[in-house]
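The structure appears right after this line, and notes come after that.
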Amino acid sequence: MAGQYQTRIDGGRSEQVEPQKQSGKGFELQVIRTSKSFEHLFEGFAQLQAVSYVADAGAILRLFETVGLKRVEFILGETFTDFRENLDADSLSKLCSLIESGALIIRSPRARKTIHSKLYILSGEGNPRPVRIIHGSRNFAQSGSIDSVAVYDVVEGSPTHRGFVDHYSEHLAESDPYLEDLMGLLRDDPTRRTELIEAFLQREEVGDTTAPTVLFQPVTARALDAPEQTLLTLELPKSKRRRQEAERFLQSVRPNLVGDRFEFGRKEYLGLLERTVGLPIMNVDLARGSVRAVIGGEVIDLARPWPTDPSAIAAGLAHLESYVDTISAEPSPADVIATQQAGMFEGLLYLFTSPFLHEHMKVRREKIGVVNERGPRYLMITGPTHNGKSTFLKFAMKMLTGRAIKALSVKDFKEGTLRTANSIGTVFPLVFDDLVNVTDQKFETIIKTYWEKRWTPESPAPQLVFAVNKGALLPWGKSRIKRIIFPVPIQATASKQENLQRILLKENFIFCWFASRYMQLLGTSHEVLDDELALARRVMAELYTRAGRTRPKYFLDLPVESVFDTGPQEWRTLFNDLHKATWVREGARVKVEFKEEIGDELILFYLSLLPQTIHQEKRGRTVVIQPPDYFEKWLGFPSSRPAGRKGIFSRWFGGSAT
């Protein structure tokens with residue numbers, strides 16, 4: 001505990017000695033299993049300097065209210081895990097009060113970087129001042145993980161203390177004050193404190209019309225629409241805080257201050273946008289019939305009139321089919337091949353449609369916004385590893401842009417990426433590959449708020465697309481996410497890879513022709529359709545007709561999930577072949593009991609296969625399902641037992657279901 005130091009007598013003089021100097025070990029390793037045991041290490045101290053990749057805002061408050069710290073300086077490596085949707089206005093107000101009093105300082109990485117370090121330096125009271133340093137893998141957030149930390153109990157000014165303070169200072173130099181936008185609003189108008197805090201939690205604009213979204217979207221539009229201009233200008237915001245934000249964003253393009261405006265190079269600005277988002281920048285102008293994109297520093301108008309020669313369209317369609325047909329060479333059952341081919345074609349239609357979904361959202365809000373605030377469903381490509389998801393994303397983005405584009409990674413799936421894309425006005429889909437968790441709070445918060453809480457008709461917003469290996473969805477996700485399953489395992493031989501590379505490198509203008517016709521129809525269509533790809537199917541059908549080419553069987557007239565429902569087969573396999581669950585009808589419900597070897601993740605996967613019309617309630621390893629008649633009809637019972645064929649997804653979770 002703090003202050004527990006041994007005394008050494010040397011020549012009649014006593015001095016406090018760090019425990020590490022006596023033991024020779026230098027630190028004590030501890031295994032942290034609970035948040036409570038971790039916070040217990042902070043007791044008995046007065047001050048904290050900390051760096052943590054993520055943290056709970058509520059845990060910061062407990063440092064003052066329960067642990068008893070008097071001053072905290074906290075560098076937040078990325079975000080609060082319980083911010084926005086789960087932090088109530090009263091708690092945020094308490095945080096702001098602590099910041100205003102100087103007791104709390106919160107900082108975050110500058111230049112949109114992420115800090116993954118975890119370091120805690122605690123200082124006590126007394127002479128000499130006791131210091132505890134905690135260094136290891138533990139974030140300051142609620143977690144079910146087991147973490148290892150090294151705990152150093154030393155004195156202020158010791159070599160160990162100085163070394164860690166220097167290490168902390170390096171992180172401090174890479175950070176800026178956090179919550180400055182909200183704190184500025186509270187300073188400017190303290191009489192509206194409650195209103196401002198509640199609006200901030202909902203991510204609403206609160207009276208400052210010079211927010212970054214309003215600032216940079218017009219600049220981006222001018223940069224894309226006027227290629228002859230070499231210089232761009234930005235009128236300086238009146239708010240000092242907004243001006244500082246603009247200066248930070250434009251820092252790398254070295255803007256010149258001319259009177260009351262910034263001037264900077266158009267080419268440099270476009271390069272900044274691409275680097276910042278990590279994907280091409282795109283805007284759609286229905287009035288002009290243009291789809292402009294910044295790709296590799298160049299502005300390209302992608303929309304093109306249809307060629308007079310139908311054979312050009314036929315060649316483009318044949319190339320698209322050649323990619324989808326690569327799956328037919330894999331040694332999987334015919335129905336499984338058909339499922340993936342239909343999914344791949346549907347996924348391409350979705351990516352082709354994605355730049356126009358902001359326009360679709362305008363119609364949705366006008367027609368049904370009072371009843372349903374949700375936006376177009378997000379696209380999730382899911383299936384086991386080595387089933388072609390990453391290659392699909394590469395091919396789809398190549399079709400969109402004509403260039404090889406790399407998807408964003410899992411570390412980019414965060415609030416900062418979305419805010420930045422929104423602030424500059426791009427509609428190129430934010431495509432994320434290899435997401436790990438689509439059932440955690442971070443994912444849920446983003447999905448529930450992106451269209452429903454943050455969208456405005458004046459601010460173009462890109463759609464979200466992601467690929468994930470384990471595609472279990474919680475009930476709230478089923479109506480918000482369009483899930484396309486890739487069930488075919490791919491045997492990546494050298495010859496197949498060479499063929500895929502030839503396909504990916506080939507030039508194709510199908511999206512350019514698709515976009516041109518799509519905008520014509522979208523400009524005259526003011527309907528909200530249950531099938532968000534209905535217009536895309538119509539355009540693609542017209543292309544096939546114009547080309548005089550027969551549509552492939554996997555070009556469906558209905559959503560792929562309504563044609564290929566793999567759920568019933570998986571549940572029958574679970575009961576009849578794997579014998580990993582039992583079910584019994586009890587009056588007005590069905591009770592399903594999963595066996596011990598089926599983990600929660602796999603239970604969630606099976607529940608995610610159920611249609612929305614079936615009510616489910618999970619109670620540990622038991623699931624109660626209603627109504628029973630509908631469940632039995634969906635399942636295909638009573639029926640003959642399947643002929644021993646295992647479900648195509650039973651290998652997803654390391655064989656735990658076999």
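What follows draws every value from the coordinates through simple rules; no lab data is involved. Computed from a predicted model, the values in this text were never measured in an experiment. We place every Cβ from the backbone using ideal geometry, glycine too, and count neighbours over all the protein chains shown.
Using a 10 Å cut-off around each Cβ, can you sort 589, 364 from fewest to most neighbouring Cβ atoms?
Ascending Cβ contact count within 10 Å gives the list 589, 364.
What FRET efficiency comes out for residue 31 versus residue 476 if R0 is 41 angstrom and r is the Cβ-Cβ distance? Round to the nearest 0.05.
The value I calculate is 0.75.
Using Cα centres only, tell me the gap between segment 324-346 and segment 163-190 in whole Å.
Using only Cα atoms to place each centre, the spacing works out to 52 Å.
For a protection proxy built on the mean count of beta-carbon atoms within 10 angstrom, sort 148-160, 375-387, 481-493 highest first, please.
Top of the packing list down: 375-387, 481-493, 148-160.
Is the C-alpha gyration tensor of segment 369-477 telling us rounded, prolate or oblate? Criteria: a/c under 1.5 is rounded; beyond that, a/b larger than b/c is prolate, otherwise oblate.
It is oblate, given that a/c is not under 1.5 and a/b is not larger than b/c.
Name all residues of segment 499-533 having a backbone nitrogen under 19 Å from the label point set 7 Å from the Cα of residue 308 along its Cα→Cβ direction, giving them as ranges.
513
Run the simple label-point estimate for residue 65 and residue 146 please: 7 Å along Cα→C-beta, distance reported in nm.
3.2
If the label point is 7 Å along Cα→Cβ of residue 103, which residues in segment 52-81 have backbone nitrogen under 19 Å from it?
56-75, by backbone N distance to the label point.
For segment 525-570 and segment 363-405, write down the distance between their C-alpha centroids in whole Å.
15
Roughly what would the spin-label model give for residue 251 and residue 117, points 7 Å off Cα along C-beta, in nm?
Placing both labels 7 Å beyond Cα along the Cβ direction yields 1.7 nm.
Using the 10 angstrom Cβ neighbour count as an exposure proxy, how do 183, 361 rank, fewest first?
Ascending Cβ contact count within 10 Å gives the list 183, 361.
Go ahead and estimate [θ] at 222 nm for the chain from helices alone: -39,500 (n - 2.57) per DSSP H run with n ≥ 4, summed, over the residue count, rounded to 500.
Roughly -11500 deg cm²/dmol at 222 nm, from the helical runs in the chain.
According to a simple spin-label model (label point 7 Å from Cα along Cα-to-Cβ), what is the distance in nm between residue 579 and residue 520?
Modelled inter-label distance: 6.3 nm.
Take every Cα-Cα distance within the chain, group them into 20 Å bins from 0 onward, and report for each bin the whole-number percent of pairs it holds.
For the chain, the binned pair fractions read 16, 43, 33, 8, 1, 0 percent.
Relative to the present Cα-Cα distance, how much length would full extension add between residue 458 and residue 43 at 0.36 nm per residue of separation?
Value of the extension gain: 144.4 nm.
Report the FRET efficiency, 1/(1 + (r/R0)^6), for residue 229 and residue 419, where r is their Cβ-Cβ distance and R0 is 35 Å, rounded to 0.05.
That gives a FRET efficiency of 0.85.
Determine, for each peptide in 612-625, 125-138, the mean count of other beta carbons within 10 angstrom over its residues, then list the peptides with the highest first.
Those peptides, ordered most packed to least, come out 125-138, 612-625.
State the Cα centre-to-centre distance between segment 103-141 and segment 440-462 in whole Å.
Here the answer is 31 Å between Cα centres.
How large is the charge dipole for the chain, taken about the Cα centre, if only the Cβ atoms of Lys, Arg (+1) and Asp, Glu (-1) carry charge, to the nearest 20 debye?
Charge dipole, the chain, about its Cα centre: 960 debye, nearest 20.
Please give the FRET efficiency for residue 563 paired with residue 275, using the beta carbon to beta carbon distance and R0 = 41 Å, rounded to the nearest 0.05.
Calculated transfer efficiency: 0.50.
Select from 423, 404, 64 the residue farthest towards the positive end of the dipole of the chain; place +1 on Cβ of Lys and Arg, -1 on Cβ of Asp and Glu, and compute about the Cα centre.
404
What is the fewest-to-most order of 597, 245, 174 by other Cβ atoms lying within 10 Å of their Cβ?
Ordered from fewest to most neighbouring Cβ atoms within 10 Å, 597, 245, 174 come out as 597, 174, 245.
Among 490, 568, 282, flag the residue with its Cα farthest along the positive direction of the charge dipole of the chain, charges on Cβ as +1 for Lys/Arg and -1 for Asp/Glu.
The residue sitting most towards the positive pole is 490.
Just add up the charged neighbours of residue 224: K/R +1, D/E -1, any other residue whose Cβ is under 10 Å from the Cβ of residue 224.
Here the charged neighbours net out to 0.
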